[in-house]
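What follows is one structure encoded as structure tokens, with my remarks underneath.
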């Protein structure tokens with residue numbers, strides 16, 4: 001039987017097989033919408049890699065074919081993403097990685113850090129008012145010390161098998177020989193207003209003031225040189241010496257908006273190994289990132305709130321979501337975001353409420369929160385008071401529009417990972433050095449440092465990591481302890497809703513990973529109920545309005561990737577899904 005036939009069987013029987021594989025294994029969109037293309041998913045017997053660009057998937061696939069581990073594949077994929085998806089992620093940004101080596105789950109924190117000279121006033125005018133969005137985003141002010149390479153090096157030293165330099169070969173070759181500009185990259189460049197102001201970026205991405213058209217072969221010799229140095233010298237080649245000096249100089253010499261990042265800040269950067277946030281949901285163990293990501297806590301809260309509901313009874317019919325499903329899911333998000341926006345930040349600097357993460361995801365606390373969901377929308381939900389917390393924080397107003405990417409890998413030895421990687425806004429700070437784009441992640445800090453309720457937990461502080469919504473997630477079967485799926489997404493703070501939607505879709509509604517990702521995007525961040533443009537009928541919208549929902553429709557341009565364990569004729573296979581709203585694919589053997 002061919003792989004194509006097996007894939008068709010997997011798609012046709014996904015809903016019926018859901019119980020079987022469970023028992024077997026246990027704001028505005030940050031990037032402009034560039035189309036929607038239906039995808040059917042990918043099946044593979046031994047290993048699977050899914051990422052946001054086919055070139056990156058091919059690089060990861062090559063590492064797996066050579067006997068590499070999941071982390072080997074992820075390093076190779078990330079280096080290629082730096083080249084072919086410069087608007088979303090790269091070595092000039094940060095990432096969070098959930099890694100399961102077959103026995104132990106680890107959470108790697110590669111989030112950027114604020115410069116040592118940064119203060120609470122970083123994004124404030126002399127009178128204390130917040131600076132404009134453009135002032136915050138464009139230029140050196142928003143650049144934090146990148147964390148991707150330190151994090152990947154740490155994880156690869158612990159779990160990699162192939163030589164470090166081997167992992168860079170696909171990206172170096174592609175940078176030297178060139179890749180075809182995709183229609184998506186062309187459209188994003190064409191709509192970009194600030195990138196042309198950077199001489200290096202203008203010379204690379206544009207010709208006679210216009211972006212290179214789709215299909216143009218774009219070569220990046222500067223990035224090839226940078227990657228060769230890192231392949232030979234490790235992450236130190238980036239964080240120390242010539243490259244660190246070049247990054248610091250670029251940030252400090254921006255003509256309109258210089259920043260504070262120094263070579264010393266880069267040299268001092270360290271990735272962190274943290275304890276995953278895990279909670280039980282029905283027959284599953286769902287694990288995500290702890291602070292400074294808010295994703296693990298928020299998703300655990302949403303699922304904990306939904307646990308009291310019969311979500312299976314609210315499954316979509318022929319892909320159409322019912323009013324009750326949209327209502328309940330959106331209200332759960334509203335409650336989780338209320339806590340997130342009040343309490344969650346870098347816990348190396350600010351405490352969570354009394355009891356910490358456990359208090360925020362406590363079943364009794366979430367049951368009380370779930371009891372607040374009625375027939376009518378809450379509108380603006382209040383933050384909860386877990387265990388009579390004594391911490392009083394102000395409200396956050398970070399910009400939070402990360403331009404982000406996601407990678408999922410399962411290797412032939414049973415290891416798997418979920419990695420979300422970002423440079424923040426589309427094309428980051430719009431500064432290019434060494435062939436890559438520098439992040440603007442510091443805008444994930446609150447621009448206000450305090451309000452009437454007290455200091456803002458997510459305010460700027462020297463050396464602090466800005467709060468993130470990135471939500472790389474791995475789900476295990478509680479009975480067997482085996483991983484059954486990994487998923488994550490791009491999309492700024494809406495990442496939390498995108499990932500939660502995929503989890504409810506697979507775990508409650510029996511959809512396969514591709515079907516769950518392809519569902520219309522919806523949810524609430526404790527503001528309007530947000531609906532993906534063109535995916536909800538007038539009747540659905542009228543029914544929600546009748547229940548008190550204020551609606552906002554826009555292009556909810558998620559970038560989700562995922563892979564799950566399914567059974568085909570009683571045999572376990574990997575089934576990968578990629579977001580139809582972007583260029584991603586899956587591939588495996």
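The values are calculated or read from the model by the stated rules, or taken from the named source; none is laboratory data. In this text, all values refer to a predicted model and were calculated from it rather than measured experimentally. Neighbour counts are summed over all protein chains in view; Cβ atoms, including those assigned to glycine, are modelled from backbone coordinates with ideal geometry.
Filtered by the rule that a residue be touching a helix residue (DSSP H, G or I) at 6+ places or on another chain (Cβ under 8 Å) and over 30 Å from residue 439 (Cβ atoms), the stretch 280-302 gives 281, 282, 283, 284. Considering the conditions (1) loosely packed, with under 15 Cβ neighbours inside 10 Å; (2) assigned to a loop (DSSP other than H, G, I, E, B); (3) modelled with pLDDT of 95 or more, residue 118 is excluded by exactly one of them, (1). Across the stretch 400-422, the qualifying residues are those that are within 16 Å of the chain's Cα centre (by Cα) and at pLDDT below 95, and the one among them that is surrounded by the most Cβ atoms within 10 Å (Cβ to Cβ) is 402.
For the stretch 136-158, a residue qualifies if it is more than 16 Å from residue 438 (Cβ to Cβ) and buried (at least 16 other Cβ atoms within 10 Å of the Cβ), and the qualifying residues are 151, 152, 153, 154, 155, 156. Out of the residues in the stretch 518-544 that are touching a helix residue (DSSP H, G or I) at 6+ places or on another chain (Cβ under 6 Å) and either more than 21 Å from residue 310 (Cα to Cα) or at pLDDT below 95 (or both), state the one that is surrounded by the fewest Cβ atoms within 10 Å (Cβ to Cβ). Among those that are touching a helix residue (DSSP H, G or I) at 6+ places or on another chain (Cβ under 6 Å) and either more than 21 Å from residue 310 (Cα to Cα) or at pLDDT below 95 (or both), it is 526.
When the stretch 384-396 is limited to residues that are surrounded by fewer than 20 Cβ atoms within 10 Å (Cβ to Cβ) and in contact with a helix residue (DSSP H, G or I) (Cβ under 8 Å, 6 or more places away or on another chain), the one that is modelled with the highest pLDDT turns out to be 387.
Looking across the stretch 446-494, the residues that are surrounded by fewer than 20 Cβ atoms within 10 Å (Cβ to Cβ) and at pLDDT below 90 come down to 450, 451, 452, 453, 454, 455. Scanning the stretch 191-222 for residues that are surrounded by 14 or more Cβ atoms within 10 Å (Cβ to Cβ) and not in a loop (DSSP other than H, G, I, E, B) returns 195, 196, 197, 200, 201, 202, 204, 205, 206, 211, 218, 222. Scan the stretch 75-109 residue by residue and report those that are part of a loop (DSSP other than H, G, I, E, B) and touching a helix residue (DSSP H, G or I) at 6+ places or on another chain (Cβ under 9 Å). Those that are part of a loop (DSSP other than H, G, I, E, B) and touching a helix residue (DSSP H, G or I) at 6+ places or on another chain (Cβ under 9 Å): 85, 86, 87, 88, 89, 90, 91, 92, 93, 101. Counting only strands (runs of 3 or more DSSP E) that fall entirely inside the stretch 233-319 and contain at least 2 residues that are over 18 Å from the mean Cα position of the chain (by Cα), the qualifying elements are 277-281, 284-288.
Candidates in the stretch 476-485 are the residues that are out of contact with any helix residue (DSSP H, G or I) (no Cβ under 9 Å at 6 or more places or on another chain) and part of a strand (DSSP E or B); of these, the one that is nearest to residue 314 (Cα to Cα) is 476.
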